[in-house]
Amino acid sequence: MVIAKAWVLKKHFDGFPKTSDFDLKTIELPNLKDGELLLESVFLSVDPYMRPYSQWQMKEGDIMIGTQVARIVESKNPAFTVGAFVVGNKGWTTHFISDGKDLQHLPSSWPESLPKSLALGTVGMPGLTAYFGLLEVCKMKPGETVLVNAAAGAVGSVVGQLAKIGGCKVVGCAGSDDKVTYLKKLGFDEAFNYKTVKSLDEALRKASPDGYDCFFDNVGGEFASVAINQMKKYGRIAICGAISQYNDSVPQKGPYVQFPMIFKELQMEGFLVSRWNDRRKEGLQALLKWVVEGKVKYHEQVTEGFENMPMAFIGMLKGENLGKAIVKV
Ligand SMILES: NC(=O)C1=CN([C@@H]2O[C@H](COP(=O)(O)OP(=O)(O)OC[C@H]3O[C@@H](n4cnc5c(N)ncnc54)[C@H](OP(=O)(O)O)[C@@H]3O)[C@@H](O)[C@H]2O)C=CC1
Ligand SMILES: CCCCCCCCC/C=C/C=O
């Protein structure tokens with residue numbers, strides 16, 4: 001019999017999550033039935049969406065929502081071989097049972113030398129978010145200027161690199177000088193620390209005096225309110241995330257967007273990466289190819305130990321991660 005460890009939401013977050021909002025539980029897993037398999041999580045993802053989703057999709061006592069790269073340890077399902085790795089969405093748990101329907105195989109061309117944890121980052125959901133957000137929402141074109149915030153994170157770092165591959169000028173903003181150095185290393189044309197610039201407005205103007213054609217917004221709030229005024233005519237804004245607002249107990253108020261939207265004839269579109277689930281294979285293959293060719297680089301912030309999941313999650317929300325925040329069990 002297998003005993004799984006799982007992190008549950010003890011108390012709905014009020015403002016910034018605290019370690020006391022989580023509880024570590026043990027769960028006795030039953031024996032496998034025909035068609036089922038037993039898996040152990042090897043890498044788990046901590047992502048910003050967990051903060052807002054916990055509010056409206058989870059009850060207190062539920063296992064924290066989330067995805068993992070897991071190894072199959074026992075199989076009574078002929079479609080799944082013991083020892084293979086898959087991506088699951090069983091939440092913050094060390095072991096789980098599945099009938100296989102909700103599991104995704106890693107692309108068959110995955111090189112042995114590539115960390116499998118990338119299936120939760122650059123060659124996973126965050127990479128797909130960058131890919132479809134840029135191509136389908138921003139509709140970037142060669143020669144255009146792309147702005148991205150939270151640029152040194154899982155999504156933002158891929159956005160900047162794909163925009164360079166697409167022949168654009170890229171401006172990235174991040175919350176530390178080390179992150180800014182990293183962005184320059186990745187090939188961003190301009191990068192600055194939004195926490196230390198005297199004026200965000202001036203820093204954005206200096207980075208691109210002619211303004212921005214595309215704005216890939218991961219942050220929302222005050223940043224977005226300033227940036228929208230620096231869009232070029234007919235600019236496109238992809239509303240990907242609003243991490244600056246996820247921990248607000250009281251919703252932030254305007255400024256309002258109508259003036260720049262009207263007079264610059266902007267397009268602003270919110271999106272969820274799941275819109276392109278039917279093109280997942282296309283996106284993953286493209287991302288994997290760029291990674292293997294060295295055209296897209298990656299960095300992972302790996303926290304060791306399942307017991308440290310809440311700390312890794314809180315650390316990511318505070319901006320402690322460079323690249324994708326991952327927990328190694
Ligand atoms: N629409 C969709 O389908 C998807 C949306 N997303 C969204 O994309 C965004 C980025 O996600 P992801 O790449 O996984 O996360 P990251 O790896 O970028 O980690 C989060 C980062 O957000 C930044 N941050 C935190 N608080 C603030 C704040 N108050 N103001 C500005 N920046 C802040 C920090 O970087 P820094 O040091 O630079 O401040 C932190 O490192 C999130 O908003 C997320 O919700 C993600 C996946 C799918
Ligand atoms: C339990 C697996 C759920 C995976 C959900 C992925 C959702 C991404 C959408 C993110 C929105 C904002 O961050």
Task: Selected from Val273, Ser225, Tyr246, residue furthest toward positive end of dipole (region 215-293; charges at beta carbon) - done: Val273
Task: Nearest-0.05 FRET efficiency for Asp210 and Lys289, computed from C-beta distance (R0 25 Å) - done: 0.15
Open item on the list: Within the chain, what whole-number % of the accessible surface is contributed by carbon and sulfur, with the 1.4 Å probe and all protein chains included in the calculation?
Closed with: 54
- [ ] Report the Cys residues of the chain lacking a disulfide-compatible partner, meaning no second Cys Cβ under 4.7 Å from their Cβ.
- [x] Cys168, Cys173, Cys240
- [ ] Compute the length gained on full extension between Glu304 and Glu74: take 0.36 nm times their separation in residues and subtract their Cα-Cα distance, giving the result in nm to one decimal.
- [x] 80.3 nm
Open item on the list: Please check: in the Gaussian network model of the chain (C-alpha springs, under 10 Å), which one of Gly121, Gly143, Gly221 has the largest mean-square fluctuation.
Closed with: Gly143
Task: Distance cut-off 19 Å, percentage of C-alpha pairs in region 242-329 lying past it - done: 68
TODO: Can you tell me the relative contact order of the chain? Whole percent, Cα pairs under 8 Å, sequence separation 6 or more.
DONE: 17
TODO: Could you work out the relative contact order of region 125-274, using alpha carbon pairs under 8 angstrom and six or more residues apart, expressed as a whole percent?
DONE: 23
TODO: Roll a 1.4 Å probe over the protein chains and send me the accessible area per residue for region 222-315 in Å².
DONE: 59
Open item on the list: Compute the helix-to-body angle for 309-318: its Cα long axis versus the longest principal axis of the chain, expressed 0 to 90° and rounded to tens.
Closed with: 0
Task: Filter on Lys195/Lys233; Lys206/Lys253; Lys185/Lys253; Lys25/Lys179; Lys141/Lys289; Lys59/Lys281 - keep pairs with C-alpha separation over 30 Å - done: Lys185/Lys253; Lys25/Lys179; Lys59/Lys281
- [ ] Take the chain, connect every pair of alpha-carbon atoms lying under 10 Å apart with a spring to form a Gaussian network, then pick out the residue of Ala174, Ala224, Ala84 with the largest mean-square fluctuation.
- [x] Ala84
Task: Surface/4 of the Cα convex hull for region 126-204, nm² - done: 4.7
Task: Stokes-Einstein D for the chain, Kirkwood Rh over Cα pairs, 25 °C, 0.890 mPa s (µm²/s) - done: 119
Open item on the list: Using only Cα atoms and rounding to the nearest 10 degrees, what angle (0 to 90) does helix 280-292 make with the longest principal axis of the chain?
Closed with: 80
Open item on the list: Between helix 154-165 and the chain, what is the angle of the helix's C-alpha long axis to the longest principal axis, kept within 0 to 90° and rounded to the nearest 10?
Closed with: 50
- [ ] Return the whole-Å distance between the Cα centroid of region 214-260 and the Cα centroid of region 64-99.
- [x] 38
Task: Cα-based equivalent ellipsoid of region 125-274: semi-axis lengths in Å, sorted from largest, via gyration tensor - done: 20, 18, 17
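The values are calculated or read from the model by the stated rules, or taken from the named source; none is laboratory data. Values in this document were obtained by computation on a predicted structure and should not be read as measured data. A quick note on method: Cβ atoms are made from the backbone with ideal geometry, for glycine too, and the neighbour counts reach across all protein chains shown. For the accessible areas, the whole protein counts, side chains as well, though only heavy atoms, and no ligand, DNA or RNA atoms are used. Shrake-Rupley method; radii C 1.70, N 1.55, O 1.52, S 1.80 Å.
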